[in-house]
Amino acid sequence: MADTAPQPSPHDPDARGHFGDYGGRFLPEALMGALDELAAEYDKAQHDPEFTAEFQRLLSGYAGRPSLLTEAPRFAEHAGGARIFLKREDLNHTGSHKINNVLGQALLTKRMGKKRVIAETGAGQHGVATATACALLDLDCVVYMGEVDTERQALNVARMRLLGAEVVPVATGSRTLKDAINEALRDWVTNVDTTHYLLGTAAGAHPFPVMVRNFHKVIGQEAREQILERTGRLPDVVAACVGGGSNAIGIFHGFLDDTDVRLVGLEPGGKGLESGEHGATLTQGTPGTLHGALSYLLQDDDGQTIEAYSISAGLDYPGVGPEHSHLKDVGRAEYRAVTDDEAMDAFQLLSKTEGIIPAVESAHALAGALQLGRELGPDGVIVVSLSGRGDKDVDTAARYFNLVEGV
Amino acid sequence: MSRIDELFAQTRGEGRGALIGYLPAGYPTVAESKDLLAATVDAGADLVEVGFPYSDPVMDGPTIQAAADTALRNGFRLKDLFEVVESVADRGGRAVVMTYWNPVFHYGVDAFARDLAAAGGLGLITPDLTPDEGSEWIAASDAHGLDRIFLVAPSSSDERIALTTAAASGFVYATAVMGVTGARDSVGAAAQGLVNRTRAHTDLPVGVGLGVRSGDQAAEVSSFADGVIVGSALVTKAGEGTDAVASLTKELAEGVRRPRA
Ligand SMILES: Cc1ncc(COP(=O)(O)O)c(C=O)c1O
């Protein structure tokens, strides 16, 4: 084993992918071989200096890491005077954190000798990132996207097609991210010999949650160094939006052992928790299995999945990664819901005060930071994961704020 | 000996495969699903799989997805499942339930096993639960005398086949092709190889499913497997009514009885 080998972490799941009671593998037998192969290959790759060097090279030379940590003082005036720092994943190539995981898994796909990649996407950010990596590494790419999302994120559909990917609109079920994942799993069961399923979040069956998390850990590692350098101290709070949970788990991990740092995940509260139209899985759900893992889940009395709702396509998901469920139960992380309106207010506020248009997903974290700042008062320091940029959301914002005549 | 063991002892004695028919509970409505299942029992299905209509059926193709959607839209609830199973038992048929795991988990694994057994159900087929995560279900099925039908696939290693068959009872469900449910023109050369690989690890009967839709295919599969499982083709007929279901079931029942080559 090389010297660069990662140390076993007390935060790793057990050999079968359990984080406490959560995680594991709840998928058809037909996929078990591929999951075993993936876990074994990922394990080897992690300990292979050539792989880790190649990954680092792509992160710095292609994705543009490290990403900046930008203080947002004018925005913070609205947060009770606490200091707010933005971890600028929006500045990565393709405009979100998603590229970290995608580059890692695309390299693994090459290592496994597979030529075809499939992915699901909600907002289109993961689809765009996957199409990008596939163009770069010469892999065939098929992206499943719910029909509702192909409509609200039409620009990203065009982007994926420009990059050479095939985009398949999914018309089943709620026609959003959950159904795109179902369809991708059906493709995978059929084509598993030639195909890697490049899952876009820290959810799903083992080894996806731990692998995706590890590819995103760089967010938290950088943020911790940067905040120490800038302020000479650790933050009081690290805030991130939670869809499936990948940007949140990536930034949380930089601070997991700093037990004085509060880790706060912001979930989509949609039209309000009492309306029933939301995607607040951890705050409102109960344990259940979906897409391969046991985790918190929005479900009805019969164990049928309840369709999520959010103005943000990237958070519109009734499940969540299993490590978040574990962190919630053991009390290491807290989760709150932020409504569409609160998120859109924060979206506009950041745009006007700092000249940064955030992704609507990330705006949920910003709305959380406004609340948390007021709770902490002027001595507070908050690091927010600005997981993506808002270019893709301009259409949504134009409608929401009536910015364009006749829209 | 479970009632499923007895069934396969009998069909093996007759030198044929058992006919296993799948229909979703509640499709198109609860009452009609009872009639449709009764028609398959009367027309010669040796065992029926009562499907649980689920919101996220990742192992199912368009036919069964659409049927599940219809059932749910028409108000299917979990408690209806037990009622439908009971109706099969009352008709003199044998029923197992095929369900994705979350509804069982959510209901409570032991409670589900208890209520299924009380309704006259004989076991559970679990497309997204493998023995790896199956300890609670293994205990509950033992406690309530239910069979646990796990799946093997062409991609299963010999090691996984050994693990799966060691945990299974009643029969082993071999998926003929890599893919989701749906009628196919050919059942796949992989099926026979998989049956043979499975038999190297167990004396349990092996049923083959995924793609069978005609009497000829049933005869072909019956020549090398202990059970012929028909799903999507029957579900399509269910959309046409009980006569269509009865007539396909008869054709399939004739198929499994053709002399083995
Ligand atoms: C910018 C951005 N942030 C966050 C998310 C939510 O994903 P996750 O919870 O995995 O970070 C998405 C998903 O599409 C996204 O595009």
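The values are calculated or read from the model by the stated rules, or taken from the named source; none is laboratory data. All figures in this text were calculated on a predicted structure; none of them were measured in a lab. Neighbour counts run over all protein chains shown; Cβ positions are idealised from the backbone, glycine included. Side chains are part of the model used for accessible areas, which takes the heavy atoms of the whole protein and leaves out ligands, DNA and RNA. Shrake-Rupley method; radii C 1.70, N 1.55, O 1.52, S 1.80 Å.
Odds and ends about this structure:
- Between B:ASP185 and A:THR194, the FRET efficiency estimated from the beta carbon spacing at R0 = 30 angstrom works out to 0.85.
- Gyration tensor verdict on segment B:3-256 (Cα atoms; rounded if a/c is under 1.5, prolate if a/b is larger than b/c, oblate otherwise): rounded
- Solvent exposure of segment B:3-256 as accessible area per residue, Å², 1.4 Å probe: 32
- Extending 7 Å from Cα along the Cβ direction at B:GLU136 and again at B:ARG260 yields two label points whose distance is 4.0 nm.
- Average other protein chain Cβ within 10 Å of Cβ, residues A:171-177: 2
- Per-pair calculated FRET efficiency, R0 = 25 Å: B:ALA200 and A:LYS115 via Cβ, rounded to 0.05: 0.20
- Helical mean residue ellipticity (222 nm; -39500 (n - 2.57) per DSSP H run of 4+; nearest 500) of the protein assembly as shown: -13500 deg cm²/dmol
- Over chain A, the ratio between the Cα radius of gyration and 2.2 N^0.38 Å evaluates to 0.90.
- Shielding value for B:205-213 is 0, the average number of Cβ atoms from other chains within 10 Å of each residue's Cβ.
- Overall, the accessible surface of segment A:176-227 at a probe of 1.4 angstrom is composed of carbon and sulfur to the extent of 46 percent.
- In straight-distance terms, cross-link reach from A:LYS217 covers every one of the lysines whose alpha-carbon lies under 29 Å from its own, apart from those fewer than eight places away in the same chain; here that gives A:LYS44, A:LYS87, A:LYS98, A:LYS110, A:LYS114, A:LYS115, A:LYS178, A:LYS328, A:LYS392.
- Cα pair count fraction exceeding 24 Å, expressed as % - segment A:232-384: 30
- Cα-projected label distance for A:ARG161 with A:LEU403, points at 7 Å along beta-carbon direction, nm: 2.4
- Across peptide A:303-310, the mean count of Cβ atoms from other chains lying within 10 Å of each residue's own Cβ comes to 4.
- Disulfide-incompatible cysteines by the Cβ rule (no partner under 4.7 Å) in the protein assembly as shown: A:CYS241
- Within a Gaussian network of chain B (alpha carbon springs, distance under 10 Å), most fluctuating of B:LEU129, B:LEU146, B:LEU81: B:LEU129
- The GNM of chain A, with springs linking C-alpha atoms under 10 angstrom apart, assigns the highest mean-square fluctuation among A:ALA223, A:ALA337, A:ALA45 to A:ALA45.
- Across the options A:PRO66, A:GLN153, A:SER351, the greatest Cα extent toward the positive end of the charge dipole of chain A (unit charges at beta carbon of Lys, Arg, Asp, Glu) belongs to A:PRO66.
- Among B:149-157, A:90-98, the order from most to least packed when residues are scored by Cβ within 10 Å on average: A:90-98, B:149-157
- With both residues required to sit in chain A, DSSP beta bridges show an antiparallel share near 30%.
- For segment B:145-234, the fraction of 1.4 Å probe accessible surface lying on carbon and sulfur atoms is 48 percent.
- Occluded residues from segment B:152-187, i.e. those whose accessible area drops by 10 Å² or more once the chain is not alone (1.4 Å probe): B:ALA153, B:SER155, B:SER156, B:ARG160, B:MET178, B:GLY179, B:VAL180
- Fully extended contour minus Cα-Cα distance, from A:ASP260 to A:ALA15, at 0.36 nm per residue: 85.3 nm
- Chain B packed on chain A takes about 2800 Å² of accessible surface away from a 1.4 Å probe, both sides summed.
- In summary, the lysines within cross-link reach of B:LYS34, defined as a Cα separation below 19 angstrom excluding same-chain residues under 8 places away, comprise B:LYS79, B:LYS237, B:LYS250.
- Computed E for A:GLN221/B:ARG114 - FRET, C-beta separation, R0 56 angstrom, nearest 0.05: 0.65
- Antiparallel bridge percentage (DSSP; both residues within segment B:3-256; nearest 5): 0
- Convex hull of segment A:32-80 built on C-alpha atoms - directionally averaged projected area, nm²: 6.6
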